[in-house]
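The values are calculated or read from the model by the stated rules, or taken from the named source; none is laboratory data. This is a predicted model, so every value here is computed, not measured. When we count neighbours, we look across all protein chains shown, and the Cβ atoms used for this are built from the backbone with ideal geometry, even at glycine.
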Amino acid sequence: MATREITIEGFAEVVEQNDIVFLDFWAAWCGPCRMFAPVFEKASEQHADIVFGKIDTENQRELAAAFHISSIPTLMVFREGVLVFSQAGALGAPQLDQLIAGVRGLDMDAVRAEVAAQQAQSSEQTQKEVVR
C-alpha cells in the first residue's frame, strides 16, 4: 500500500480504525524530509497491513501544532490508538525496519498499563501542586 495523505479531518478515524499507523510529519522545503520520503514509501509498499501516512506541516498547521512538531521530519507511530513512538529526524531503511519490527512486537496490554500508571502519577503530582 502506498502512503496516504493525512489531514486533520481524517486523522482520528485513521488512528482509531487501524492497528498500526506510522505518520511522517514533513514539508516540501525540508531536505531531510525529501531524503526520508523514498525510505518511508518503500516501507509502505513492503508492509501492506500498516498505514503509512504523510502529514504536510505547511498544509496541516493545526495538526502539526496539536502534536507540538518543532522539527521535521518527525515520525510518530500509533498502535491500537496509543502513541508508542515519536522522534524527529530521518531514519535509514534498516532503522525503520527495526522500528516496524519493534512496534509489531509490543505487548499492548503492558503498554496500556504503563500509560495508565503514568497518567495516575501525573494526576497525583498535579493534585499535590494544587494543594500547595
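Numbers for the structure displayed
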quantity	calculated
Every pair of residues 6+ apart whose Cβ atoms lie under 6 Å, when the first sits in the stretch 103-115 and is within 15 Å of Ser86 (Cβ to Cβ) and at pLDDT 90 or above while the second is among the hydrophobic types (A, V, I, L, M, F, W, C) and in a helix (DSSP H, G or I)	none
Some residue of the stretch 38-46 being exposed (fewer than 14 other Cβ atoms within 10 Å of the Cβ) and under 14 Å from the mean Cα position of the chain (by Cα)	no
So Arg104, is it closer than 16 Å to Leu23 by Cα and not small (Gly, Ala, Ser)	yes
Residue ID - farthest from Phe67 (Cα to Cα), chosen from residues in the stretch 20-37 that are buried (at least 20 other Cβ atoms within 10 Å of the Cβ) and in contact with a Pro (Cβ under 7 Å, 6 or more places away or on another chain)	Phe36
Selected residue (only one of Phe78, Phe85, Phe52 is among the aromatic types (Phe, Trp, Tyr), within 24 Å of Ala116 (Cα to Cα) and buried (at least 19 other Cβ atoms within 10 Å of the Cβ))	Phe78
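Matching residues to (1) more than 11 Å from the chain's Cα centre (by Cα); (2) polar (S, T, N, Q); (3) farther than 21 Å from Asn18 by Cα:
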position	(1), (2), (3)
Glu58	yes, no, yes
Ala64	yes, no, no
His68	yes, no, yes
Ile72	yes, no, yes
Gly81	no, no, no
Phe85	no, no, no
Asp97	yes, no, no
